[in-house]
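K.L.:
This is the structure, below, for whatever I ask next.
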C-alpha cells in the first residue's frame, strides 16, 4: 500500500518550515518532493534599498546560526569592491569569530542529530557545552546570536589580554568535550546503528549534484573554500580538511566532529599570531561600479554572495546562495529508498537552514494543487476581496 | 461488609487511587532520574522536589480541549483509553503485594495469575493499535503498524523470560513463586539472564527509548497519540504509568524475590524493588538512541529470544539437578 505522508511545513523534526512530501510503501520511501517558500522574506530585494553599511546588519539576519557567515561573506565582497584592505588585527578577530561560530554551529548540529535519533542525553550534553562557546562569543562581541562584529574595513571590537586568556581556557574545555563526543558518536551501538549506512550519497553523486560542505566531505570529496581558495588569513594558519569515506550520516557526524577539532587548532593559531595594530580602516560611503563574487566556507558549506555596485551608496543587486540550497538535490537522492525513520536524520544531516535558502514563493491552490505566478498587487487585491466576502466572525464561539 | 471491602479494594487500595498516586510518584522518579542523567534538574517546581508535577500534568491535560477527528470512529476512539486504563489497573490488583497470604488463594491470587498478568499487560498494546487505527491519521496509522510489528519482537522473549523462574518454582501463582525464592534466595542468581531479557522487553512494551518507535516524535509526530488530546490523552498517559508500575512489580515479584514480610514490610519491599526496576528502565532510556523498527525485530529474535531460551534451558537443567 502506497500513501503520502507530509513531513512539514509544521513537524517536530523541523525547526523551520519546509514541506517534504514522502510517498511511502510501508516503511520504505519511494518518492520525495521538496517544496520551498514557506519562509521567504524578500531580503535580497530589501538589500537594494539600504546602504552598504546597513546591509551588513540585514544580511546578518538571513540566518540565526550562521549569521556571521553571511555578514562576513558580504563584507568581504564589499571590501573587494571598495578596494579596501582591512588591518591584520581586524582580520584575525573577524575570522576568529568565524571559527567560534563554526564550533557553536557544529555543536548545535551534534545535539540536533542526537535528538533526531531519539538520543536526548547526547543532545542535552552537547548543548550544555555549546554554552561555553556561546559565552565566549558574547564576551567578544556582546551578543550571543547576531554578533555584529563586522564592519566594512575591519571589525568593531578589539580583544584584550583578559579576553584572549578566557578564550584559551574555553577552547581547552571544548576540545576535551569534543573528543568525548567523538568517542560517543562513533561508538554508542544504538546511535551508530541508526546512522551507519543511512542516507548513502556516493562520491559521483556528490559531484553531479553539487553538494557542498560536510555533506560533500563525508563522501570523500575534500572541498573546502578555506583550503582551495584561501580567503583573507586562512593561508596563514595550518589545518586539515576533515573528510570521511563512509558516505552516510555517520560520516557526516565524524566530519563535523573532526572539523570541531580543526577549528580549535585554527582558533589557537589566530590567538598566537594576533598582531598589534588597528582593527579597522575607514570605509568610503560609495562603491565604484562593478561586480564581485564572494566565497566563504560557512559551517554548512560554501556560501556565495554576488554583489553588483552601480556607483551609489547602495548595491544594485545582492544575490545570496546559501549552502543549504546547494544541498537540496543531494537530499532528495539520499532520502530515496530510505526508511521513514531515517527521514529526520538524513534531512538533519545536511544541517538545513531553511530560511537561508528561501529565495522564492510558490502559490499553490489549496484545493486543486495548481501552481501559479501572481503579482504582489494582485495578491493584495485578492486578499481584500476575500475578506470583504468572508462572514464576520466577531465574538465567534468555538465549541469545546 | 464484604461488598464494602471489595469496593475499597478496587477504588482505594490497591485499586485506582493508590495506583494513581504511586504511578505518578514513579513517573516523577523516572523523570527525575532521566533528567539527572542528562545533567538537567527535572521537575522542581510543583510540590516539594517537584513531586506533584506528574499530577499537575495530568490535571492540566484533563482540563484541555478534547478534539475527536471527523473521520475517526468516534465511539471506539473515546472508549479505548478507558478500557486501557481498566485493563492495567486490573493487572495491578493481581500483584502479590496485597495478596501475600499463601494459604488462602482468592480471586486476585490464584494458580495461573502470572499468565493472567502477562495477558493483561499484552492487551494495552492491542488497545494502542486500535486507538491508532481508529484515529485515521497517516502518522497514527504508521504508529499503529509499528506497535504491532514491535509486539512480535518483544512478546515472546518476555513470556519466556518471565515464565522460566515459575518453572523452577513449580508454580503458576505469583505469591508462591515469590515465596519459593524467598526460601532459596541464591536461586535468584540463576535467573539473572532472564531478568536482563525481561527488563529490555518491558522497556519495549512500555515504548520507551530505545523502543519509543510507535510515537517517535521526530519521525511520525505523536505516532499512535497524534490525534489524542485532553482527557483521553491524560488517560493514556496514566495507563502507561500504571503499566510501568505493574510490570516492574511483576519483575520484582518474579526475579527479585517478591515482597516478604506481611502488609507493611512487604509494601516497603514493593516500593524499593519497583523503584529499582524503574531506575534500570530510566538508565536504559537515558543511555540509548531510538533504533529502527526492523532493528527492533531483528534484535529481539537474534539476541533476546535465544537468551530467553537459554534461560529456560538453564532453568530446566537446574530443576532436574535439584530434584
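K.L.:
Go through (1) in contact with a helix residue (DSSP H, G or I) (Cβ under 7 Å, 6 or more places away or on another chain); (2) surrounded by fewer than 13 Cβ atoms within 10 Å (Cβ to Cβ) one by one and return the number of the condition residue B:323 breaks.
P.N.:
(1)
A quick yes/no check of all residues on (1) modelled with pLDDT of 90 or more; (2) closer than 30 Å to residue A:339 by Cβ; (3) in contact with a strand residue (DSSP E or B) (Cβ under 6 Å, 6 or more places away or on another chain):
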| residue | (1), (2), (3) |
| --- | --- |
| B:152 | no, yes, no |
| B:159 | yes, yes, no |
| B:164 | no, no, no |
| B:180 | no, no, no |
| B:201 | yes, yes, no |
| B:204 | yes, yes, no |
| B:213 | no, yes, no |
| B:238 | yes, no, no |
| B:253 | no, no, no |
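K.L.:
Restricted to segment A:26-52, and to residues that are on the phi < 0 side of the Ramachandran plot and within 12 Å of chain B (Cβ to nearest Cβ), which residue is surrounded by the most Cβ atoms within 10 Å (Cβ to Cβ)?
P.N.:
As a first pass, look at segment A:26-52 and keep what is on the phi < 0 side of the Ramachandran plot: A:27-36, A:38-41, A:43-52.
Those left that are additionally within 12 Å of chain B (Cβ to nearest Cβ): A:27-29.
On the way: A:27: 18, A:28: 13, A:29: 21.
Here the answer is A:29.
K.L.:
Given the options B:239, B:218, B:224, B:209, name the one that is within 14 Å of chain A (Cβ to nearest Cβ), in contact (Cβ under 8 Å) with a residue 40 or more places away in the chain and touching a helix residue (DSSP H, G or I) at 6+ places or on another chain (Cβ under 7 Å).
P.N.:
Working: B:239 fails: within 14 Å of chain A (Cβ to nearest Cβ); B:218 fails: in contact (Cβ under 8 Å) with a residue 40 or more places away in the chain; B:224 fails: within 14 Å of chain A (Cβ to nearest Cβ).
Just a single option satisfies the conditions, and that option is B:209.
K.L.:
Mind listing just one residue for me: the one in segment A:62-98 that is outside any helix (DSSP H, G or I) and touching a helix residue (DSSP H, G or I) at 6+ places or on another chain (Cβ under 7 Å) and, of those, surrounded by the fewest Cβ atoms within 10 Å (Cβ to Cβ)? Give the derivation first.
P.N.:
From segment A:62-98, those outside any helix (DSSP H, G or I) are A:62-66, A:83-87; that's our starting set.
Narrowing the set further to residues that are touching a helix residue (DSSP H, G or I) at 6+ places or on another chain (Cβ under 7 Å) leaves A:62-63, A:65-66, A:86.
On the way: A:62: 26, A:63: 27, A:65: 20, A:66: 29, A:86: 24.
For segment A:62-98, the residue satisfying everything is A:65.
K.L.:
If we scan segment B:69-84, do we find a residue that is within 14 Å of another protein chain (Cβ to nearest Cβ), surrounded by fewer than 19 Cβ atoms within 10 Å (Cβ to Cβ), in contact (Cβ under 8 Å) with a residue 60 or more places away in the chain and more than 17 Å from residue B:213 (Cβ to Cβ)?
P.N.:
Narrowing segment B:69-84 to residues within 14 Å of another protein chain (Cβ to nearest Cβ): B:70.
After this cut, where a residue has to be surrounded by fewer than 19 Cβ atoms within 10 Å (Cβ to Cβ) as well, the list is B:70.
Next, from what is left, pick out any that are in contact (Cβ under 8 Å) with a residue 60 or more places away in the chain: none.
No, segment B:69-84 contains no residue that is within 14 Å of another protein chain (Cβ to nearest Cβ), surrounded by fewer than 19 Cβ atoms within 10 Å (Cβ to Cβ), in contact (Cβ under 8 Å) with a residue 60 or more places away in the chain and more than 17 Å from residue B:213 (Cβ to Cβ).
K.L.:
A further question follows. Assigned to a helix (DSSP H, G or I) and surrounded by fewer than 23 Cβ atoms within 10 Å (Cβ to Cβ), is that true of residue B:254? Can you show your working first?
P.N.:
On the way: assigned to a helix (DSSP H, G or I): yes; surrounded by fewer than 23 Cβ atoms within 10 Å (Cβ to Cβ): no.
For residue B:254, the condition - assigned to a helix (DSSP H, G or I) and surrounded by fewer than 23 Cβ atoms within 10 Å (Cβ to Cβ) - is not met.
K.L.:
Has segment A:99-115 got at least one residue that is surrounded by 21 or more Cβ atoms within 10 Å (Cβ to Cβ), free of Cβ contacts under 8 Å to residues at least 40 places away in the same chain, away from chain B (no Cβ under 14 Å) and within 25 Å of residue A:231 (Cα to Cα)?
P.N.:
Checking segment A:99-115: at least one residue is surrounded by 21 or more Cβ atoms within 10 Å (Cβ to Cβ), free of Cβ contacts under 8 Å to residues at least 40 places away in the same chain, away from chain B (no Cβ under 14 Å) and within 25 Å of residue A:231 (Cα to Cα).
K.L.:
Of the residues that make up segment A:160-177, is at least one farther than 20 Å from residue A:117 by Cα, surrounded by fewer than 22 Cβ atoms within 10 Å (Cβ to Cβ), touching a helix residue (DSSP H, G or I) at 6+ places or on another chain (Cβ under 8 Å) and within 13 Å of another protein chain (Cβ to nearest Cβ)?
P.N.:
yes
K.L.:
Would you check which residues across segment B:10-54 are in contact (Cβ under 8 Å) with a residue 24 or more places away in the chain, within 14 Å of chain A (Cβ to nearest Cβ) and not in a loop (DSSP other than H, G, I, E, B) and list them?
P.N.:
Residues satisfying the conditions are B:30, B:33, B:34, B:37.
K.L.:
Going by the conditions given, is residue B:231 within 14 Å of chain A (Cβ to nearest Cβ) and within 30 Å of residue B:66 (Cα to Cα)? Show your work before the answer.
P.N.:
On the way: within 14 Å of chain A (Cβ to nearest Cβ): yes; within 30 Å of residue B:66 (Cα to Cα): yes.
Spelling it out, residue B:231 is indeed within 14 Å of chain A (Cβ to nearest Cβ) and within 30 Å of residue B:66 (Cα to Cα).
K.L.:
Next question, about the same structure. Give the number of residues within segment A:15-25 that are part of a loop (DSSP other than H, G, I, E, B) and either at the interface with chain B (Cβ under 9 Å from one of its Cβ atoms) or touching a helix residue (DSSP H, G or I) at 6+ places or on another chain (Cβ under 6 Å) (or both). Full working, then the answer.
P.N.:
As a first pass, look at segment A:15-25 and keep what is part of a loop (DSSP other than H, G, I, E, B): A:15-18.
Narrowing the set further to residues that are either at the interface with chain B (Cβ under 9 Å from one of its Cβ atoms) or touching a helix residue (DSSP H, G or I) at 6+ places or on another chain (Cβ under 6 Å) (or both) leaves A:16, A:18.
Number of matching residues: 2.
K.L.:
Of all residues in segment A:2-11 being within 15 Å of residue B:140 (Cα to Cα) and surrounded by 17 or more Cβ atoms within 10 Å (Cβ to Cβ), which is nearest to the other protein chains (Cβ to nearest Cβ)? Explain how you work it out, then say what you get.
P.N.:
Going through segment A:2-11, the residues within 15 Å of residue B:140 (Cα to Cα) turn out to be A:3-7, A:11.
After this cut, where a residue has to be surrounded by 17 or more Cβ atoms within 10 Å (Cβ to Cβ) as well, the list is A:5, A:7, A:11.
Numbers: A:5: 5, A:7: 9, A:11: 7 Å.
This residue is A:5.
K.L.:
Please verify whether residue A:276 is surrounded by fewer than 17 Cβ atoms within 10 Å (Cβ to Cβ) and in contact (Cβ under 8 Å) with a residue 60 or more places away in the chain, treating the condition exactly as stated. Lay out the reasoning, then the answer.
P.N.:
Values: surrounded by fewer than 17 Cβ atoms within 10 Å (Cβ to Cβ): yes; in contact (Cβ under 8 Å) with a residue 60 or more places away in the chain: yes.
For residue A:276, the condition - surrounded by fewer than 17 Cβ atoms within 10 Å (Cβ to Cβ) and in contact (Cβ under 8 Å) with a residue 60 or more places away in the chain - is met.
K.L.:
Return the only residue of A:50, A:45 being farther than 19 Å from residue A:100 by Cβ and under 23 Å from the mean Cα position of the chain (by Cα).
P.N.:
Numbers: A:50 fails: under 23 Å from the mean Cα position of the chain (by Cα).
A:45 is the lone residue from the list that is farther than 19 Å from residue A:100 by Cβ and under 23 Å from the mean Cα position of the chain (by Cα).
K.L.:
For segment A:181-236, which helices (runs of 4 or more DSSP H) that fit wholly inside it have 3 or more residues that are buried (at least 19 other Cβ atoms within 10 Å of the Cβ)?
P.N.:
Values: elements: A:189-195, A:203-208, A:213-217, A:225-228.
By residue number, A:189-195, A:213-217.
K.L.:
While we're on this one: Hey, can you tell me all the residues within segment B:99-143 that are under 14 Å from the mean Cα position of the chain (by Cα) and modelled with pLDDT under 85?
P.N.:
none
K.L.:
Moving on to the next point. How many residues does segment A:145-159 hold that are buried (at least 20 other Cβ atoms within 10 Å of the Cβ) and under 30 Å from residue A:116 (Cβ atoms)?
P.N.:
1
K.L.:
Select from segment B:288-318 the residues that are without any contact (Cβ under 8 Å) to a residue 60 or more places away in the chain and either within 14 Å of chain A (Cβ to nearest Cβ) or closer than 20 Å to residue B:149 by Cα (or both) and list them in ascending order. Break it down into steps so the answer makes sense when it comes.
P.N.:
Within segment B:288-318, the first condition is being without any contact (Cβ under 8 Å) to a residue 60 or more places away in the chain, and the residues that meet it are B:294-295, B:298, B:302-303, B:306, B:313, B:317.
The answer is B:294, B:295, B:298, B:302, B:303, B:306.
The values are calculated or read from the model by the stated rules, or taken from the named source; none is laboratory data. Predicted, not measured: the structure shown is a model, and the values here were computed from it. We place every Cβ from the backbone using ideal geometry, glycine too, and count neighbours over all the protein chains shown.
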